[in-house]
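The structure appears below as structure tokens.
The values are calculated or read from the model by the stated rules, or taken from the named source; none is laboratory data. If you're wondering where the values come from, they're calculated on a predicted model, not measured in any experiment. FYI the Cβ positions are ideal-geometry reconstructions off the backbone, even for glycines, and counts take in every protein chain you see.
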Amino acid sequence: MSRLLAPKLAALGWDEQLRGEFEAISQPGTEPGRVVGEHRGGYRVATAGAEMIAETSGKLRYEALGRADYPVVGDWVAVQGPAIQAVLARRSLFQRQDPGGGEQLLAANVDIAFLVTSLNRDFNLRRLERYLAMTWSSGAQPVVLLSKADLAEDLDGPVAEVERVAAGVPIIAVSATHAVGLDLVRAHLVPGRTAVFLGSSGVGKSTLINALAGRPLQAVREIRANDARGRHTTTGRQLITLPNGWLVIDTPGLRGIGLTDADVDAGLDRAFADIDTLATDCRFSDCGHEGEPGCAVQAAIHEGRLGPDRLASHRKLQREAARSTLAMDRGARAANRARWRAIQKAVNVHQDRKDGADR
């Protein structure tokens, strides 16, 4: 690929590392592009000269072992005409366990993840722990946004609660309608780097994006007054370019965050670093924190330094991620067996034809 293309793609986050990766896998006639939208039946891909609706090529579908091998919003891809031939290596990947089974990809190549929870009935520390585990495992950096700060009677209390489960993570109280905290959010946005907004329906993700842009880019709807629950506004994931070259991915509201096998180690360890640190002082290296003598974790609970609900949440997510690991291992093995059966069948057919021709 010509270096002349790089400046035109730079606005989407293109850099020399991506250029080198593309040249290593590209075929004659292909060009780089970024997936900026995903819709039923196709992907919206932006290239150096145009934006197109593209589908995955037959080769990509044939070689895919699972959903993770298909494109998602934020991916860099090699396209030829309206066909996506290959997906470049990802720097980060957000995924969750699909309620119906398998994995659901949410976004790729994200640098900053704004985890949005509103200071109304949506405020839920246990859900935030899930978002943090997913973010740390993805490879992105989390920032917690406490939206609708103008509705909070007590702001210091929720902030202190979040600090206990998100130690070291930036926490920003924001109000899009009153322009509170927006400059602090902007400080995390860098031209050419990609941010994603994640949260439940109605927490104000689209409203925040509109406020950051200074104009209405995303449709918004009021939450229901009777239960403070949001209604879906964003119906599909899309990458949006904001002023100053900021890149953000808006996502539909997520009602559930099921952890995947990717969250077992890095994600949970980072999200529950306080428990892991306490555990290093347990008398036994294999302490289960369930009443063993010399358990530093239980001691912290008895002394009020650690909430019992925090430990219960950690155990629950560990079990959930472990079940996901077993399920994904079984799925991967089954997909691999099916792929090799198909290859062997094709080889056998070819050999039969060859033998017939030789007779």
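Taking the stretch 136-154, which residues are over 19 Å from F197 (Cα atoms) and either in contact with a strand residue (DSSP E or B) (Cβ under 6 Å, 6 or more places away or on another chain) or not assigned by TED's automatic domain parsing to the domain that holds T194 (or both)?
Going residue by residue through the stretch 136-154, those that are over 19 Å from F197 (Cα atoms) are 150-154.
The one that is over 19 Å from F197 (Cα atoms) and either in contact with a strand residue (DSSP E or B) (Cβ under 6 Å, 6 or more places away or on another chain) or not assigned by TED's automatic domain parsing to the domain that holds T194 (or both): D150.
For the structure I just gave you, tell me whether P32 is in contact with a helix residue (DSSP H, G or I) (Cβ under 9 Å, 6 or more places away or on another chain) and part of a loop (DSSP other than H, G, I, E, B). Before the answer, list the steps.
Details: in contact with a helix residue (DSSP H, G or I) (Cβ under 9 Å, 6 or more places away or on another chain): yes; part of a loop (DSSP other than H, G, I, E, B): no.
No.
Scan the stretch 70-89 and tell me whether some residue there is part of a helix (DSSP H, G or I) and more than 24 Å from G29 (Cβ to Cβ). Among the residues of the stretch 70-89, not one is part of a helix (DSSP H, G or I) and more than 24 Å from G29 (Cβ to Cβ), which makes the answer no.
Let's see how each residue does on (1) of a type in the set (A, V, I, L, M, F, W, C); (2) over 19 Å from A108 (Cβ atoms):
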residue	(1), (2)
G29	no, yes
R34	no, no
G41	no, yes
A48	yes, yes
P71	no, no
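For the stretch 39-69, a residue qualifies if it is part of a loop (DSSP other than H, G, I, E, B) and more than 18 Å from the chain's Cα centre (by Cα), and the qualifying residues are R40, G41, A48, G49, A50, S57, A64, L65. Can you name the condition, by its number, that V203 falls short on among (1) part of a loop (DSSP other than H, G, I, E, B); (2) exposed (fewer than 15 other Cβ atoms within 10 Å of the Cβ)? Here V203 meets the rest and fails (2). Can we say D69 is at pLDDT 95 or above, not hydrophobic (A, V, I, L, M, F, W, C) and not assigned by TED's automatic domain parsing to the domain that holds I240? Here the answer is no, as D69 does not meet what is asked.
For the stretch 72-84, which positions are under 26 Å from S138 (Cα atoms) and either of a type in the set (A, V, I, L, M, F, W, C) or at pLDDT below 95 (or both)? Matches in the stretch 72-84: V72, V73, W76, V77, A78, V79, I84.
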